[in-house]
Structures are given as structure tokens and as C-alpha cells.
Amino acid sequence: MNCRDLMEMKEIQGGMKLMAGGRGLNHVIRWIYFADCIQCLAGNVNAADLIHGEELVIVTDQKLTCDDERLIAMINSMRQKNIAGFVINEGQISEAVRDYCDKTDLPLFELSVNLHLIDLSQLICKALVEEESSANSREHIFSSILYSENLNTREIIGQAEYFGIHLKGLYRVLQFCIGENHTAQNAVHGEKDSIRVHENIKKIIRTEFALRGLQQMFLLSQVDTILALVPVDPFNNELLSKVLSVITANGEKKYSVSILTGIGTPYEYVEDFRLSYHEAQSAVQLCRIIGKGHNVLFYENSGIYFLITQIHNEKLLDQYVQAHIGKLLKADQIQHGDLCRTLECYLDHNCNANISAEFLCIHRNTMHYRLDKIKQILNTELNDMSVSLELKLSFDIERYRQCSTELR
């Protein structure tokens, strides 16, 4: 639930009026907090210490609302804790407070005397509880789609319809893999903070898709990942890439975590969605393997790795590597050398020795010496295109197999 959802509730319409901060209506509301308590009214207490974040803060006491300097200082300190919005009684909002909230994109609402606080709190709390229950039910349905051995597709489609999710057309699974938060604050709070970050990333995902018309969606939390089921219409590759870029940027900026996202192939039938899920898993794994800034990867765009992942005979892959670069790997291991890196760089730069030498920051003569040694060890010529392709494929397979082993 966010501030925009609050304004659209029929029972509240007319009882609350948005006065400022309209650009922040997507702020998530986790709970409500009445800042008229004795602690908040005390001058020696920082009200921000009494909240946890994402609260809709309500103030009605004129001891606070009549003092602009004190009220703005309170709002500013609470805003650092990421509150959802601020509510003040009708006739008690000054121009200074309105300007501050507009400047900081913090939704500021005026509460009508016709909407009693007890009614407002009951309406919001009920909506939040119902939303939590709905989210749990949607997770259960999504889990059944991905893991149930005896899937009743007609029943699943009916359950999805109940929650406003129409499983018609092409859908694909997204897997968000959330990296560790290495900030000092996370080191203090540990697992509890990681769980909260995980939940906040889910809210970011839900919000960004809702902004583009997907109001209801399937999300499923796992240990260090979040799964999502997204329709291809209107989320084609271009739009989806933009949305995922925003999600990744927000996660890194707000919570100092890295997010790798794998996107499975679209499928039309519910029973095939689990195929998209396994492809999304593979795409995340390939993000780690490919590296070089790849944090979002469509499975169908994974290049040669698309073919490698289809080969489930691990022994066959290892044999291919040993047959083509096994001797070079062993030579580096024995002599603590750098021949494999040299050869791979040479192949990556279209077999141009001079450019490769510059990239490796070595002298050209050193580069040619290494290439001669590589030719001798492998007993092959490197300027043959077919040989180059085989060697490059061998390095790709070796990287894939190494990463696969580490992730187990």
C-alpha cells in the first residue's frame, strides 16, 4: 500500500486532501504513527528515534503544528528514516511546511474534521492487514506454479483471476539475486537488517511495475532471491530493461546491495512457467560468470552460454576443456604463470598481439614470447580461425564450470 492507494480509498476520499509532495505518492505505507505522544511533545526527544520507517505520521496537537521551525525539524529528522507521508489537521498547515514538503517530495495531507482519527486508523490498519494476507496468498499460488508436481492449471488460473492477475498471453519469470549489504550498519544489525532490506527490495519491484500499469503481480521470496512473474505485454525487452535498471539503481542507492537479475524465456502456458524459472536461474548464474558489469541478462541473449547451459553432460564439457586448453591450464598451475590470461586476452582482441600487449601492460616482445610458448605447449597455430573459436569456447566453458562449482 502506498500514499496513492490511500487517496483512492472510497472511505477516505473527501476526508483527506493532498496539500504538497505529490511526486512522492508512491511512498510505501507500512504502518501509521501518531506523533502526539508525550515523547514527541517533549523538547529533548528526537521523534525519529521512535519510528522504524515507512510510517504515515499523523500530528494533531497544535503545540507542534503552530511552531513551524520545530515541526519542520521533526519532519526532516523523520524523513531521514524514510517515512511515507505526513498528516496534519485541517487549518493547521502553514505555507512554510507546505513548501518544505513540496521541495522534499514528501506527501503532506490535510485531515478533515469530518474524518475521525479512530476511523482513519481502523481503515488504514484493515487495508494493510488485507494487503499482507493477499500477498501471502499470491506467494502460495506462485509457489504452486513453480514447484507443484501435480499442477491444476484451471484452478491456478481461477485463483489468479481472484487477485486480479490474468494469466493470458506470454509470461516470463524474473529472478532477482540480492547481494550482501557490506555497510557498517548492516554489520551491526545482521540478519534482521538483511531481511528488512530484502522486503524493501520487494516493495521497490512492486512499485516500479505498478507505475507502469502492473498493479497486481506474483512475487515470491526465497533465501537470497526474489522471483517475479511478468507479462510480455506491455513489458517487452526494451521496457523491461528500463524498469530493471531503475530497480537495480534504487537497490544500490538506498540499501547498498547489488542486484543481479535473470530473465527467463516467455511462455504461454502456465505449466511451462517453471521452464522460464529455470532459465532465469541460469541467467543469474551467467551474470556472475560473464561479469564485466552485466547485472541484467535475458536468457535468450546469453550468447554462447545459451548453448553451453543446454549441455547437461558435465563430463563432456570438462573433456572439451582438457582437450583444447588442458595443457595450458596445467602449465600455469605448475609455474604460477599467466599464459591462459594472455591467450584469452589475445583472442578477445581479435588476435592482435600489439593491442593485447597494451591491454595487459606488457612489452610487445614479452607478448610475442608468451604467444610462442603457448603455441609450443598447445602444439597449434593461433592464427587459424577455427582454432581460435575452439580455444575461446574452451575458456567460456572453463569459466562456466568453475562458477557452477563455486555456487553449489
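Tell me the residue from I308, I334, I304 that is open to solvent by 60 Å² or more (accessible area, probe 1.4 Å) and in contact with a helix residue (DSSP H, G or I) (Cβ under 6 Å, 6 or more places away or on another chain), please. First the steps, then the outcome.
Values: I308 fails: open to solvent by 60 Å² or more (accessible area, probe 1.4 Å); I334 fails: in contact with a helix residue (DSSP H, G or I) (Cβ under 6 Å, 6 or more places away or on another chain).
On inspection, the qualifying residue turns out to be I304.
What's the total number of residues in segment 188-209 that are modelled with pLDDT under 55 and under 24 Å from R288 (Cα atoms)? Spell out how you get there, then give the answer.
Filtering segment 188-209 down to residues modelled with pLDDT under 55 leaves 188-191.
Narrowing the set further to residues that are under 24 Å from R288 (Cα atoms) leaves 191.
Counting residues in segment 188-209 that are modelled with pLDDT under 55 and under 24 Å from R288 (Cα atoms) gives 1.
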The correct count of residues that are within 18 Å of T261 (Cβ to Cβ), polar (S, T, N, Q) and surrounded by 14 or more Cβ atoms within 10 Å (Cβ to Cβ) in segment 193-223 is 3
The residue from L123, L115 that alone is in contact with a strand residue (DSSP E or B) (Cβ under 7 Å, 6 or more places away or on another chain) and among the aliphatic types (A, V, I, L, M) is L115
Near pairs, Cβ below 8 angstrom, 6+ apart or cross-chain, from segment 357-378 (farther than 17 Å from H324 by Cα) to any residue that is open to solvent by 90 Å² or more (accessible area, probe 1.4 Å): A357/H363; A357/R364; L360/R341
Of everything in segment 133-177 that's more than 20 Å from the chain's Cα centre (by Cα) and charged (D, E, K, R), which residue is modelled with the lowest pLDDT? E149
Residues located in segment 337-368, provided they are loosely packed, with under 12 Cβ neighbours inside 10 Å and assigned to a helix (DSSP H, G or I): N354, N365
Would you check if there is a residue in segment 322-331 being open to solvent by 70 Å² or more (accessible area, probe 1.4 Å) and over 30 Å from C287 (Cβ atoms)? yes
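Tally up the residues in segment 266-287 that are out of contact with any Gly (no Cβ under 8 Å at 6 or more places or on another chain) and surrounded by fewer than 17 Cβ atoms within 10 Å (Cβ to Cβ), please. Break it down stepwise before answering.
We begin by selecting, within segment 266-287, every residue out of contact with any Gly (no Cβ under 8 Å at 6 or more places or on another chain); these are 266-267, 269-274.
Applying the additional criterion that residues be surrounded by fewer than 17 Cβ atoms within 10 Å (Cβ to Cβ) yields 269, 271-272.
The total comes to 3.
The values are calculated or read from the model by the stated rules, or taken from the named source; none is laboratory data. What you are looking at is a predicted structure, and each value in this text was computed from that prediction instead of being measured. Note that each Cβ is placed from the backbone with ideal geometry, even for glycine, and that neighbours are counted across all protein chains shown. When the accessible area is computed, the model is the full protein with side chains, heavy atoms only, and any ligands, DNA or RNA have been set aside. Shrake-Rupley method; radii C 1.70, N 1.55, O 1.52, S 1.80 Å.
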